[in-house]
Amino acid sequence: MRTRFAPSPNGALHLGHAYAAMQAHDLARQLDGAFLLRIEDIDGVRSRPELVEAILADLRWLGLEWDGEVLFQSSRLAAYDAALAGLKARGLIYPCFCTRSQIAAAGAQPGPEGLVYPGTCRALSDGERADRMANEPHAWRLDVAQAQTHTGALVWHDMAAGEQAAKPELFGDVVLARKDAPASYHLAVTLDDAHQQISHVVRGRDLFLATHIHRLLQALLGLPVPLYRHHRLLAGADGRKLAKSEGAAALAGLRAQGVDGPSLLENLRKGLLPSGISWAEPSYSMP
Ligand code: GLU
């Protein structure tokens, strides 16, 4: 039995991260399992290596001990490439040359993570693809409808919400490799949870719907299917989910003020939130 905490080093950890890490840690300890740490550092634009030490220091201050070596996604690029090559060989991904503004101009509708791609580049001929790939930056998108013909109907299980019929089509053809990053969040997280043999994926409800995509990728890539637990999110004074930019809830700031980390965590465990912090109602949570 294994859980993980998987922060992205693109901002300092805040109270919401402390809550997420505690949830994953406590489930592992309750079930006599291991609690692993993974640093999701493949976003070349936003990732800041200098924040990694700060993340580890925050977790130690909270009294959260992880098991084994820390896994860095930046060490896993060959695995992402191999998975993409396999999907490419099966005709399940296609290059996409669209910019954000072109996607918006094509009348794309909002989905769980921005606009749902209207499929423009899915229709390109092989010749057009080859020509444009030689000259233009491109992402790689999953042909979700085509993928579903291979996998058939899928389900996954949330420990609180129960069995879910996978609905990856909510997202449209998601990006698996970005123009500026070797793998998207969806591809990297799915491969890494399998690589680290995570049996219980514990994370925030903001990622509840993303599990529909992850379940499809598991089926396509022949990966085991973990159980999921999507926990509540913390909100700031404005009622919105805490963001990395909100300094008030930053763990480093609380530590500098002399707050005791383990006591803070114990309060979060009991559901006692510091003043100015409340439970968020995410716009995409339980279906
Ligand atoms: N790296 C993601 C984040 O910081 C979490 C990924 C996950 O738990 O699946 O939001």
Per residue solvent-accessible surface (Å²) - region 128-209, probe of 1.4 Å:
43
For the chain, can you list the cysteines whose C-beta has no other cysteine C-beta under 4.7 Å from it?
Cys98
What part of the accessible area of region 144-287, given as a whole %, is carbon or sulfur when the probe is 1.4 angstrom?
53
Chain lengthening between Leu273 and Ala85 when straightened (0.36 nm per residue, less Cα-Cα):
63.1 nm
Pick from Gly172, Gly114, Gly261: which residue has the top mean-square fluctuation in a GNM of the chain where Cα pairs under 10 Å get a spring?
Gly114
Subtracting the Cα-Cα distance of Ala237 and Arg255 from 0.36 nm times their residue separation yields 4.4 nm
Dipole of region 128-287 (Lys/Arg Cβ +1, Asp/Glu Cβ -1, origin at the Cα centre): which of Leu170, His138, Gly261 lies farthest to the positive side?
Gly261
Net dipole in debye of the chain [+1 Lys, Arg Cβ; -1 Asp, Glu Cβ; about Cα centre; nearest 20]
280
Paramagnetic label zone (point 7 Å from Cα along Cα-to-C-beta, Asn10; backbone N under 19 Å) in region 46-74:
46-56, 72-74
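Relative contact order for region 157-252 using alpha-carbon pairs under 8 Å, separation at least 6, rounded to a whole percent?
Value for region 157-252: 30 percent.
Are there any helices in the chain, counted as whole DSSP H runs, that stretch 27 Å or more along their axis by Cα and score at least -1.0 on average by Kyte-Doolittle, and if so which? Display every interim value, and only then the final one.
Numbers: long enough: none.
Qualifying helices: none.
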With all protein chains present, region 17-104 has a carbon and sulfur share of its accessible area (1.4 Å probe) in percent of 53
Provide the gained length on full extension for the span Thr149 to Leu77, in nm with one decimal, where the gain is 0.36 nm per separating residue minus the Cα-Cα distance.
23.1 nm
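The values are calculated or read from the model by the stated rules, or taken from the named source; none is laboratory data. Everything numeric here is computed off the predicted structure, so don't read it as measured data. Because the Cβ atoms are built from the backbone with ideal geometry, glycine has one as well, and the counts that use them run over all protein chains shown. Heavy atoms of the whole protein, side chains included, go into the accessibility calculation; ligands, DNA and RNA do not. Shrake-Rupley method; radii C 1.70, N 1.55, O 1.52, S 1.80 Å.
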